[in-house]
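Peer 1: Questions regarding the structure given below will be posed in turn.
The values are calculated or read from the model by the stated rules, or taken from the named source; none is laboratory data. All of these numbers come straight from a predicted model, not from anything done at the bench. Here the Cβ positions follow ideal geometry from the backbone for every residue, glycine too, while neighbour counts run over all protein chains shown.
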Amino acid sequence: MDKQLKIALPKGRLMAETAALLGKAGWGLEGYHEGARSYRLRAERYPDLLAKIFHEKDIPIQVAVGNYDLGICGLDWIEELLSKYPSSALVKLRNLGYGETTLYLVASNSGVGVNLAAVRANTAVIRMASEYPNLAESFALNLRLKRFSIFPVWGAAEVYPPESADLALISGKKREIAFNHDLVAIDRVLDSSAYLIANRASWECKNLSEVLASIESALTPWLIERKAKGEPVSAPKTGRIRAISAQPPARQMAKGTVRLALPDGHQQAPTAELLARAGIRVGDYPSATGNRRPISSLPGVSIKVIRPQDMPLQVANGNFDLAITGQDWLTEHLYQFPSSPVTKLLSLKFGWVRIVAVVSKDLLVTDGYQLRQLYAGQTAPIRVASEYTNIADKYARDNRLGMYRVIPTWGASEAFVPEDADLLIENTQTGRTIARHNLKIIDTLFESTACLIGNKENVASRKKRSRVESIIKILCKAIS
């Protein structure tokens, strides 16, 4: 029997508390903290245990397919997987009592209604945006909505209603009722906290008792200690929000208004610098409070801050007229939808990265041809991991890699190779992070910079068209 045990640990919001719990359990897990230099960790107490750091969203999938015996992640992402694949080989072992969040169905006061009865009675197509598309679809079916459409997004779903969606399924604090952006909660879909999970085959066949006992023995006194300090500790429950607090109605968008999407994340600072050089004042961007609807000095322009990954599809759907995103995400979109009306209007000359093919340094290949030769004749498919699933798919086809399987990731992609993927399609500036994880670049697919995109088929009013052209001219001068 294989003695090695593998556990998938979360980065991000659960990282600090998970590290504290495992510290109380005496694992001796060095390097598990924000800014960790390696995704692969060893536990001093358990020489046969390998820990790896993942984006939380990836952990249920990795445990379900058997790449990892154990995992710690939020119940929300577990249920997101199980709502689509209820027979997944996933065992929920223990609510760990920290990292509390709640998934809320929210609506705008100016939208389809601020209660479930109004939503159910609506005969039009109900548009719902969410990072949790499987849970959103399951909820809509259980609610017996007459007609609905789910918009999967990478994040910031709360910014879509009421203009681009009627409802959003979002994560918020427990007992939260009113939200920013003129949103109110109309239902509580799921209370979530950190969970310990296991692969079913590992649970049945491997000896997990010592590792699990260490967590169990540390958990209760640690939770008591947290509770004494006034930190949130409780078990998740489900329920319905009955009372809805009134909010002032949202402002209606004037005819001819140009809808502009600006990026969140690490592209905010260079985007703000470009806008400043162009003489465009944007207040509260980047925002210390998480405001996603900044006000600008541009007349007739409405701004929202969303994920760059979502921008091409949102522009294609007509929810935005202009957006600042990366050439990489535009290419990813166009590979999936070749006839999409989205087009690049202007290269903005910042945010430069290379999109590269990456393998383990231990692999004796230097290009795509040698990779194909190496895997020729094997019976198992080549595992290709990437945030850019369509770019990865095209690269595998163009290089005739034979049997392959694309594994979607949501960050920390370097952690997948070599144990959980054979090839990685990733972006990089210097290549130092790739080299630090014992990986090497064997191919450069293309270079990407930030760009302004728009909808070439959008039939706009003369006033809107004039405003769009003015913005393009202003930005052209700023980058020349």
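Peer 1: Could you tell me whether region 173-185 includes any residue that is of a type in the set (Val, Ile, Thr) and either within 15 Å of Glu80 (Cβ to Cβ) or modelled with pLDDT of 90 or more (or both)?
Peer 2: No, the conditions are met nowhere in region 173-185.
Peer 1: Is region 78-93 home to any residue that is buried (at least 19 other Cβ atoms within 10 Å of the Cβ) and in contact with an Asp or Glu (Cβ under 7 Å, 6 or more places away or on another chain)?
Peer 2: no
Peer 1: Taking Thr325, is it assigned to a strand (DSSP E or B) and within 22 Å of Ser461 (Cα to Cα)?
Peer 2: no
Peer 1: Given (1) more than 20 Å from the chain's Cα centre (by Cα); (2) touching a residue at least 60 places away in the same chain (Cβ under 8 Å); (3) closer than 23 Å to Val417 by Cβ, where does Ala107 come up short, assuming only one miss?
Peer 2: (3)
Peer 1: Sticking with this structure for a sec: For Gly66, which of the numbered conditions (1) small (Gly, Ala, Ser); (2) in contact with a strand residue (DSSP E or B) (Cβ under 7 Å, 6 or more places away or on another chain); (3) within 26 Å of Glu30 (Cα to Cα); (4) buried (at least 17 other Cβ atoms within 10 Å of the Cβ) fails to hold?
Peer 2: If we test Gly66 against (1) small (Gly, Ala, Ser); (2) in contact with a strand residue (DSSP E or B) (Cβ under 7 Å, 6 or more places away or on another chain); (3) within 26 Å of Glu30 (Cα to Cα); (4) buried (at least 17 other Cβ atoms within 10 Å of the Cβ), just (4) comes out false.
Peer 1: Taking region 326-380 as the search range and keeping residues that are charged (D, E, K, R) and over 23 Å from Ile479 (Cβ atoms), which one is surrounded by the fewest Cβ atoms within 10 Å (Cβ to Cβ)?
Peer 2: Within region 326-380, the match that is surrounded by the fewest Cβ atoms within 10 Å (Cβ to Cβ) is Asp362.
Peer 1: For Glu210, all conditions in the list (1) within 30 Å of Leu143 (Cα to Cα); (2) part of a helix (DSSP H, G or I) hold save one; what is the number of the exception?
Peer 2: The one condition Glu210 does not meet is (1).
Peer 1: So, one more: Give just the number: which of (1) at pLDDT 90 or above; (2) over 26 Å from Ser302 (Cβ atoms); (3) among the hydrophobic types (A, V, I, L, M, F, W, C) does Phe148 not satisfy?
Peer 2: (2)
Peer 1: May I ask you to verify whether Ser87 is in contact with a His (Cβ under 9 Å, 6 or more places away or on another chain) and more than 30 Å from Pro161 (Cα to Cα)?
Peer 2: Spelling it out, it is not the case that Ser87 is in contact with a His (Cβ under 9 Å, 6 or more places away or on another chain) and more than 30 Å from Pro161 (Cα to Cα).
Peer 1: Quick one: how many residues across region 2-51 are without any contact (Cβ under 8 Å) to a residue 60 or more places away in the chain and of a type in the set (Gly, Ala, Ser)?
Peer 2: Residues flagged as without any contact (Cβ under 8 Å) to a residue 60 or more places away in the chain and of a type in the set (Gly, Ala, Ser) within region 2-51 amount to 10.
Peer 1: Output the number of the condition that Leu169 fails; it satisfies all remaining conditions of (1) in a loop (DSSP other than H, G, I, E, B); (2) modelled with pLDDT of 85 or more.
Peer 2: (1)
Peer 1: Condition check: among the aromatic types (Phe, Trp, Tyr), touching a Ser or Thr at 6+ places or on another chain (Cβ under 7 Å) and on the phi < 0 side of the Ramachandran plot. Does Tyr98 satisfy that? Explain how you work it out, then say what you get.
Peer 2: On the way: among the aromatic types (Phe, Trp, Tyr): yes; touching a Ser or Thr at 6+ places or on another chain (Cβ under 7 Å): yes; on the phi < 0 side of the Ramachandran plot: yes.
So Tyr98 fits the description; yes.
Peer 1: When you scan region 400-438, how many residues do you find that are buried (at least 16 other Cβ atoms within 10 Å of the Cβ) and without any contact (Cβ under 8 Å) to a residue 40 or more places away in the chain?
Peer 2: Selection size over region 400-438: 7.
Peer 1: So which helices (runs of 4 or more DSSP H) are wholly in region 1-107 and hold at least 3 residues that are over 21 Å from Glu210 (Cβ atoms) and touching a Phe, Trp or Tyr at 6+ places or on another chain (Cβ under 9 Å)?
Peer 2: In region 1-107, the matching helices (runs of 4 or more DSSP H) lie at 59-64, 75-84.
Peer 1: Condition first: small (Gly, Ala, Ser) and in contact (Cβ under 8 Å) with a residue 12 or more places away in the chain. Now tell me which residues in region 374-392 satisfy that.
Peer 2: If we filter region 374-392 for residues that are small (Gly, Ala, Ser), which is where we start, we get 376-377, 380, 385-386, 392.
Within region 374-392, Ala376, Ala380, Ala385, Ser386, Ala392 qualify.
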